Amino acid sequence: MITINGKQYPFKAGQTVLEAATAAGVYIPTLCSHPHLTAFGACRLCLVQIDNVRGLPTACTIPLTDGMNIRTESEDIQRLRREIMLLTLSEHPYSCLVCKDKEMCVKYNSCTTKAGKITGCNLCSWKEGCEVRKVVDYLKIDEITYPIHYHDYPLERDEPFFDRDYNLCVLCGRCVRVCEDIRGIGAIAFLNRGHRTRIGTAFGMSNIEAGCVFCGACLDVCPTAALTGRATKWLAKTEKRTKTTCNFCGVGCAMVVEGRRETVMRAQADLDGPANKGQACVLGRFCIPPFFNAIGRLRYPLVRREGVLTPVSWEEALKAAANGLKQYDSGDVRIIISPQLTNETAYLLSRLAKEVLPGSLMELDSPFDSLALRTSRELLGHAGSSGTLTAINNAGSVLIVGADLRLDHSVLRVRINAAHRRGAKVIWLGPMQPGEDRLVDYHYPGTDYLDKLAGLLRKLAHDAHNFEGANEFLESLVAFKDSKESTELAKLVRGKSLCILVGKGVLTDHPEAVLTAAYNLIVLTRSPRGLILLLESNSQGISDVSGLPNAALEALPAAKAYYVTSGNAEVPQDAGFLVLQDIFESAMMDRADVVLPGTGMPEDTGTITSLEGRVQALDPIAQAPGMSKPDWWVVARLATQMGGSGFAYEKAEQVTEELFKATRVKSLGLIAKDSYALKLRSMQPINSAERAPSPNKHVHVHRGADIVYKVDDLRRLYTYWGVVE
Amino acid sequence: MSEDMWSEAKGAWKALMNSGKPVIYLGAASCGRAAGALVVKRAIQSELKDHSIDAQIIDVGCIGPCFMEPLVYIQLPGEPPVVYNNVTAADVPRLIQNVIIDGTHLKDKAVGVLADAPKMGMPRFFDHPMLAPQVRLVLRNCGLIDPTNIGHYLAMDGYLGLKQALAMTPEQVIEEVKISGLRGRGGAGFSAGMKWKLCRDAPGEMKYLICNADEGNPGTFVNRILLEGDPHAVLEGMVIAAYAIGASQGFIYIRHEYPLVREYVQKATLDMRQLGLLGENIMGSDFHFDIQIRRGALAFVCGEETALMASIMGHRGMPKPRPPFPATSGLWGKPTNINNTETMGTVPSVLRMGGPSYAKYGIKGSSGTKTFSLGGKVKNTGCIEVPLGTPLKTIVFDIGGGMVEGKTFKAVQTGGPSGGCIPTPLIGTGVDYEQLTNLGAIMGSGGLIVMDEDNCMVDMARYFLSFTQDESCGKCVPCRIGTRRMLDVLERITRGEGEVDDLLRLEELCETINKGSLCGLGQTAPNPILTTLRYFRNEYEAHIIEKRCPAKACKALMHFEILPDQCIGCEECKGKCPTGAITGESKQPHVIDQKRCTKCGICLQICPPKASAVAKLDNEAKEAIL
């Protein structure tokens, strides 16, 4: 037991005094500590008194010991905290903080003046969130005798996404720590010393040159308005917020989005996000509002009349689309599914394809994802990765093949960095962007992925006799050669748990063979959960609910009529009839016969499944523009129009419930009891007691379903040119 | 093979002492070089060549009295070396002629002989008033051996301490050091033996040892003297310490500003490896240990142990809060023991003479001897070593030879920017850890700066604070901003813009900075202000209330005047004034134009003593003269 301010609390080993106090609901002021970052001890506000410890140690750095007696407040401590805060304020524009009209000003001065230089709270864009204000209020500071020292650093606004005004910086060091320790980039650091200490990049480089990827992690931890998102800082007050999931890539970062009226205004990473744990990338963090609010959104259903696309009512558009498609044999109709569609939309599309247009073929508009899902189904028995993202965290070596982690799946760098810090070896096969090398121990720039992996397999082949298919496997290796690289790779990989991340760069070099080689590697190294496919957006979910892909893209015959949900899809010039359902104007509109405006991620209700198989909810914050309708609604109404039955859904939740019962989403072992479908829409965390026991020791409390699909053991090796039966 | 090491070395040393040709020793540590030793060396070499004299020249370290540099000792065959002080290139021909060629000893230029008793009509060098009260244990070889010659060190019983240690168990070695009472000589004064035990007991196979040779305090140079005079003493100490705690890798962190030290330590470690004193199987035992040299980069804060470790690991030199302490989690999270250079350098002596013998020196609670850099307004400046507990009075007036130029003692500053000043009434205080701390000063790493009536205590506090502010790493608020706010106040006071509340402000800030700072730099930064406020409050009050600097040192509060009655019109000051502020004809009284005067003080220095016409006056006094 420990004692805090006279009351007793249970002792938990591994906590700091600050963590224990916070858990006990005791407030200790701090500016430099953060639950996700290592303790720093710089702001000196969390000083406490502890029996048998000399002086006033900082609560954030002192490890808790059983029996500790802690006082977090006393006259001496408060006085010292106040003096320290006064010093901090002497170099931060403090006028408004100690103004006697502070309360009246906040109450009546509703319009924040949009100034360049911030010389007081009344000009600052972040009054609500500012932690300096919080501490000032707690310490009841109403007077400062120091003159203001304004550093007069130039405002840094030359680079995209966020502004930097270091005149407001209190040097808490959180931004430096998150960039270096969590993201593994270290674009910014402490510069100079003494009074000239400040934060910045080395040698006056721009942030871009210093390797910054504008993920916004520094903004999210900054206690002041020193770092602010340029596009959103002067927006009017947000009215609502909700948790949703970013759909730009397959990682499935949980985001908190804010909206006003019917528009999405801002997005930030959800601290509790199971896949991303409070981290995001530039796309999710900064690009959601500008993307979905951009000019060029489709607003009206359009039908081509006399060669011109004409806005019509939904009834007319759906009729035109239905009639157009029905003109053809089902077998000549192709449905192209965008990876960004939700599970609900994809489920309904697959029902439409099977029930309303039997014989029609569906294709996933992503060559890599199609191939990877198909190949993994043959190898693993299910389409998708063989494990979850924790495989990266637990790996002894991480092998990244054909990936570009700068803009795609960027948040995975955080896990790779964590593994790297723990001592894992990070090996990169393929071209690498500048700035990514900090994470990588060994870089092999060539695109001869198959040769490299096969060479590595040759070195590990002595173990093959433990597995089925060994003879054919070994025979197939004869075609490949040993090399210096394969010896090096073998040394790095042997004897450790392996995690392989395969990206779409492998399309250039026998991708099926590369995937098979990756699979064989996880078999031989006994790392069954180590194959991660870097899939886009909701490709995994689409595959789970629809059974896609069933055949190689190249093997699909040409179709005559197309129902396309992606403006970038490849549709032959001689297509007879083309229905385009999308959210943005595109060149394909020149050929489309019917255009149906759908919804994007901030407007969607439904679920998506990340590349690790985690099903997460989309909760809308915005209304799609004009007459746009949710994609699932469009598909359902179209199906009904075409004569399908059982498509009369009123709410997305109804579709979710049905697909959870009917598709692989359930059969994969994902714990999705019926009651979950309803819970997914709410912001309440799911009560962990309602779940069946999870193999995960950590009890997440989050919105998505837990992943229990286990690949326990893989006993089979495959040759390169196909599965051995 | 190892056994022969010592007999071989002693044989070579004996041969050197009984050399048939003259041996010339040159004090070539950085202090000697700064005084011109290398110029003197070239002159000697040229002179020897001209006369075709076959003599051996040996560069030695600093023997202590830096004010005597350049020091040259000449040893004629069959005689002990005779020490000559303040030798210039111009003196060399006479020196070579008289001493080597003619065989006389130039007694008027000699300080003394390096022998056990007076000889040849000259006193013992070590009987000089500056040296006689000293007890040279850790400095025993400095100035007497070639620091780049491991053979010389071995001849002086070097590495016998290590031999002794390897014959004991590590626990016994720790016990020996504990009994000796050796406390950290870097300033904190923590028991070295206890620190070693904590590190030894910490769980983990991999342990590190660090020698802190960052010596950042302005005015302190004792570690430099030791490493430039006898680097093997420190390195032997490191090997013994590593054996005791179970470390396999050591680092010596040498500040960037000591290039000669780096050179000597590099040579020393190479020689050690060759003789099996470093690396695998040291002295044939199964103890492996090696030392890497790491260079600092001009940061005072990197003398703080956690910042030093950050620097070694390639990070920015910013301290980390403790706990965890380095003994349990230091470099790369492993148990690490870090000791000051002098502490390490004392260890071989402790092992050689035994803990109880070492404990006989000094006083109870502060046993042994300590080196100090004695500087400031005393006659005899340099590096000294005294038993702990020696009264400051002895150091200033006996060893230091008293004040220069007939000035009056005002205070002695100990411990640099982390320390404080001791005024006249307390001059009887002994230098030991406890007494100095009670007075508000600290022993620190051994800097002693003596001040007289011309030193302004407020200005001195301001100087040390500006140093601390410059060197603050910037991490924590009380130090980075607090010292800046204090400096703002002190600068105002010395500019004559002090306010009545300033002393209260200073005292409050001192408390905040002392209690709130993360590391020792910040925690001790207020010390110079606190001690000067305690013992020289009147000076602060004069600055604030009367706008007067009692020492007439603060330029904004004083001015220079030429006293017309005393000026002889020699035009010397007029010629040297850098701004042309002085006017006046030959043999006419000169006048200083106050608007042009920058108060550099050159006129005061240059005015002939028989005239002594330049006076420093308070600013109010201006009206009186005019």
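The values are calculated or read from the model by the stated rules, or taken from the named source; none is laboratory data. Nothing here was measured: the structure is a model prediction, and the numbers come from that model. So basically every Cβ, Gly included, is an ideal-geometry build from the backbone, and we count neighbours across all protein chains shown. Quick note on the areas: whole protein, heavy atoms, side chains included, nothing else; ligands and nucleic acids left out. Shrake-Rupley method; radii C 1.70, N 1.55, O 1.52, S 1.80 Å.
Wholly within segment B:288-392, which strands (runs of 3 or more DSSP E) include no fewer than the required count, namely at least 2 residues that are touching an Asp or Glu at 6+ places or on another chain (Cβ under 9 Å) and either more than 14 Å from chain A (Cβ to nearest Cβ) or farther than 30 Å from residue B:477 by Cα (or both)?
Details: elements: B:290-295, B:336-340, B:369-376, B:382-387.
Output list reads B:336-340, B:369-376.
Restricting attention to segment A:121-150, which residues are open to solvent by 50 Å² or more (accessible area, probe 1.4 Å), closer than 17 Å to residue A:168 by Cβ and not polar (S, T, N, Q)?
A:126, A:127, A:128, A:134, A:148, A:149, A:150
Within segment B:423-433, does at least one residue satisfy the condition of being crowded, with 24+ Cβ neighbours inside 10 Å, within 22 Å of residue B:212 (Cα to Cα) and either touching a strand residue (DSSP E or B) at 6+ places or on another chain (Cβ under 6 Å) or not polar (S, T, N, Q) (or both)? Before you say what the answer is, go through the steps one by one.
As a first pass, look at segment B:423-433 and keep what is crowded, with 24+ Cβ neighbours inside 10 Å: B:431.
Next, from what is left, pick out any that are within 22 Å of residue B:212 (Cα to Cα): none.
Checked against the condition, which is being crowded, with 24+ Cβ neighbours inside 10 Å, within 22 Å of residue B:212 (Cα to Cα) and either touching a strand residue (DSSP E or B) at 6+ places or on another chain (Cβ under 6 Å) or not polar (S, T, N, Q) (or both), segment B:423-433 yields no hits at all.
Suppose we filter segment B:293-314 for residues that are surrounded by fewer than 17 Cβ atoms within 10 Å (Cβ to Cβ) and farther than 20 Å from residue B:238 by Cβ; how many remain?
So the count comes out to 3.
Take segment A:51-66 and flag every residue that is within 13 Å of chain B (Cβ to nearest Cβ) and not β-branched (Val, Ile, Thr). Break it down into steps so the answer makes sense when it comes.
To start, the set of residues in segment A:51-66 that are within 13 Å of chain B (Cβ to nearest Cβ) comprises A:52-65.
Scanning segment A:51-66 gives A:52, A:54, A:55, A:56, A:57, A:59, A:60, A:63, A:64.
Name the helices (runs of 4 or more DSSP H) wholly inside segment B:26-135 in which the number of residues that are farther than 27 Å from residue B:378 by Cα and open to solvent by less than 40 Å² (accessible area, probe 1.4 Å) is 2 or more.
Values: elements: B:30-35, B:37-50, B:92-95.
Filter on segment B:26-135 gives B:37-50, B:92-95.
Can you tell me which residue among B:538, B:527 is open to solvent by 10 Å² or more (accessible area, probe 1.4 Å), away from every other protein chain (no Cβ under 14 Å) and in contact (Cβ under 8 Å) with a residue 24 or more places away in the chain? Explain how you work it out, then say what you get.
Details: B:538 fails: in contact (Cβ under 8 Å) with a residue 24 or more places away in the chain.
When all the criteria are applied, what remains is B:527.
Which pairs do you get when a residue that is closer than 13 Å to residue A:308 by Cβ, found in segment A:585-597, comes within reach of a residue that is of a type outside the set (A, V, I, L, M) and surrounded by 15 or more Cβ atoms within 10 Å (Cβ to Cβ), reach meaning Cβ atoms under 6 angstrom, with the pair 6+ apart or on two chains?
That search, which allows pairs on different chains as well, returns A:593/A:304; A:593/A:324; A:593/A:577.
For segment A:311-329, give me each residue that is open to solvent by less than 40 Å² (accessible area, probe 1.4 Å) and within 38 Å of the chain's Cα centre (by Cα).
Scanning segment A:311-329 gives A:312, A:314, A:317, A:318, A:321, A:322, A:325.
Name the single residue that is surrounded by the fewest Cβ atoms within 10 Å (Cβ to Cβ) among those in segment B:483-494 being within 11 Å of chain A (Cβ to nearest Cβ) and in contact (Cβ under 8 Å) with a residue 24 or more places away in the chain. Quick ask: steps written out before the conclusion?
In the first step, residues of segment B:483-494 are kept if they are within 11 Å of chain A (Cβ to nearest Cβ); the result is B:483-489.
Next cut, in contact (Cβ under 8 Å) with a residue 24 or more places away in the chain only: B:483, B:485-487.
Values: B:483: 29, B:485: 24, B:486: 25, B:487: 18.
My answer is B:487.
Got a number for residues in segment B:265-286 being open to solvent by 20 Å² or more (accessible area, probe 1.4 Å) and more than 22 Å from residue B:4 (Cβ to Cβ)?
Looking only at that region, the number is 1.
Identify the residue in segment A:54-87 that is open to solvent by less than 50 Å² (accessible area, probe 1.4 Å) and of a type in the set (Val, Ile, Thr) and, among all such residues, is nearest to residue A:34 (Cα to Cα).
A:61
I want to confirm something. Restricting to segment B:450-479 and keeping residues that are open to solvent by 30 Å² or more (accessible area, probe 1.4 Å) and outside any helix (DSSP H, G or I), which single residue is farthest from the other protein chains (Cβ to nearest Cβ)? Steps first, please.
Residues of segment B:450-479 that are open to solvent by 30 Å² or more (accessible area, probe 1.4 Å), as a first pass: B:453-455, B:459, B:462-463, B:466-467, B:470.
Then drop every residue that is not outside any helix (DSSP H, G or I), which leaves B:453-455.
Working: B:453: 32, B:454: 29, B:455: 25 Å.
Among them, the one singled out is B:453.
Going through segment B:393-406 one residue at a time, which ones are assigned to a loop (DSSP other than H, G, I, E, B) and surrounded by 23 or more Cβ atoms within 10 Å (Cβ to Cβ)?
Residues of segment B:393-406 assigned to a loop (DSSP other than H, G, I, E, B): B:400-402.
Residue satisfying the conditions is B:400 alone.
Yes or no, residue by residue, for (1) buried (at least 24 other Cβ atoms within 10 Å of the Cβ); (2) away from chain A (no Cβ under 13 Å); (3) under 18 Å from residue B:419 (Cβ atoms):
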| site | (1), (2), (3) |
| --- | --- |
| B:481 | yes, no, no |
| B:496 | no, yes, no |
| B:521 | yes, no, yes |
| B:532 | yes, yes, yes |
| B:552 | no, yes, no |
| B:563 | no, yes, no |
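Just checking, does segment A:341-353 include any residue being among the charged types (D, E, K, R), within 28 Å of residue A:545 (Cα to Cα) and open to solvent by 10 Å² or more (accessible area, probe 1.4 Å)? Before you say what the answer is, go through the steps one by one.
If we filter segment A:341-353 for residues that are among the charged types (D, E, K, R), which is where we start, we get A:344, A:351.
If we keep only those that are within 28 Å of residue A:545 (Cα to Cα) as well, we get A:344, A:351.
Cutting the leftovers down to open to solvent by 10 Å² or more (accessible area, probe 1.4 Å) gives us A:351.
Among the residues of segment A:341-353, at least one is among the charged types (D, E, K, R), within 28 Å of residue A:545 (Cα to Cα) and open to solvent by 10 Å² or more (accessible area, probe 1.4 Å), which makes the answer yes.
Kindly provide the set of residues from segment A:603-633 that are in contact with a Ser or Thr (Cβ under 8 Å, 6 or more places away or on another chain) and either outside any loop (DSSP other than H, G, I, E, B) or outside the structural domain of residue A:318 (by TED's automatic domain parsing) (or both), ordered by number.
Those that are in contact with a Ser or Thr (Cβ under 8 Å, 6 or more places away or on another chain) and either outside any loop (DSSP other than H, G, I, E, B) or outside the structural domain of residue A:318 (by TED's automatic domain parsing) (or both): A:603, A:606, A:607, A:608, A:615, A:616, A:617, A:618, A:631, A:632.
Hey, among B:513, B:529, B:545, B:493, which residue is within 25 Å of residue A:170 (Cβ to Cβ), part of a helix (DSSP H, G or I) and not aromatic (Phe, Trp, Tyr)?
Among B:513, B:529, B:545, B:493, only B:513 is within 25 Å of residue A:170 (Cβ to Cβ), part of a helix (DSSP H, G or I) and not aromatic (Phe, Trp, Tyr).
Anything in segment A:191-223 that is open to solvent by less than 20 Å² (accessible area, probe 1.4 Å), at negative phi and within 11 Å of chain B (Cβ to nearest Cβ)? List them, or say none.
The answer is A:197, A:199.
Under the condition of being part of a helix (DSSP H, G or I) and open to solvent by 30 Å² or more (accessible area, probe 1.4 Å), which residue from segment B:188-223 is nearest to residue B:31 (Cα to Cα)? It would help to see each step written out before you state the result.
Residues of segment B:188-223 part of a helix (DSSP H, G or I): B:192-201, B:222-223.
Then keep just the ones that are open to solvent by 30 Å² or more (accessible area, probe 1.4 Å); that gives B:194-195, B:197-198, B:200-201.
Details: B:194: 35, B:195: 33, B:197: 37, B:198: 38, B:200: 38, B:201: 42 Å.
Among those that are part of a helix (DSSP H, G or I) and open to solvent by 30 Å² or more (accessible area, probe 1.4 Å), it is B:195.
Where residues in segment A:283-301 are of a type in the set (A, V, I, L, M) and out of contact with any helix residue (DSSP H, G or I) (no Cβ under 7 Å at 6 or more places or on another chain), which of them is least open to solvent (accessible area, probe 1.4 Å)?
Keep residues of segment A:283-301 that are of a type in the set (A, V, I, L, M), which gives A:283, A:288, A:294-295, A:298.
In the following step, the residues that additionally are out of contact with any helix residue (DSSP H, G or I) (no Cβ under 7 Å at 6 or more places or on another chain) were identified as A:283, A:294-295, A:298.
On the way: A:283: 45, A:294: 35, A:295: 168, A:298: 8 Å².
The extreme case among them is A:298.
So that you can scan it fast, the table gives a plain yes or no per residue for (1) in contact (Cβ under 8 Å) with a residue 60 or more places away in the chain; (2) within 10 Å of another protein chain (Cβ to nearest Cβ); (3) of a type outside the set (A, V, I, L, M, F, W, C):
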position: A:39; (1), (2), (3): no, yes, no
position: A:46; (1), (2), (3): no, no, no
position: A:49; (1), (2), (3): no, no, yes
position: A:79; (1), (2), (3): no, yes, yes
position: A:87; (1), (2), (3): no, yes, no
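Can you give me the ranges of the helices (runs of 4 or more DSSP H) entirely in segment A:362-481 with at least 3 residues that are of a type in the set (S, T, N, Q), open to solvent by 20 Å² or more (accessible area, probe 1.4 Å) and within 23 Å of residue A:610 (Cβ to Cβ)? Even if it seems obvious, please write down each step before you answer.
Working: elements: A:367-380, A:390-394, A:412-422, A:449-460, A:470-477.
Output list reads A:390-394.
Out of all the residues in segment A:121-132, which are in a helix (DSSP H, G or I) and either aliphatic (A, V, I, L, M) or under 31 Å from the mean Cα position of the chain (by Cα) (or both)? Even if it seems obvious, please write down each step before you answer.
Residues of segment A:121-132 that are in a helix (DSSP H, G or I), as a first pass: A:121-123, A:131-132.
The answer is A:123, A:131, A:132.
Among what's in segment A:639-656 and is in a helix (DSSP H, G or I) and open to solvent by less than 60 Å² (accessible area, probe 1.4 Å), pick the residue that is modelled with the highest pLDDT. Full working, then the answer.
Applying the first criterion (in a helix (DSSP H, G or I)) to segment A:639-656 yields A:639-641, A:652-656.
When the remaining residues are screened for being open to solvent by less than 60 Å² (accessible area, probe 1.4 Å), the result is A:639, A:652-653, A:655-656.
Numbers: A:639: 96, A:652: 89, A:653: 85, A:655: 90, A:656: 84.
Among them, the one singled out is A:639.
Looking for whichever is open to solvent by less than 20 Å² (accessible area, probe 1.4 Å), farther than 20 Å from residue A:282 by Cβ and not assigned by TED's automatic domain parsing to the domain that holds residue A:93 here; the options are A:171, A:155. Which one fits?
Values: A:155 fails: open to solvent by less than 20 Å² (accessible area, probe 1.4 Å).
Criteria check complete, one pass: A:171.
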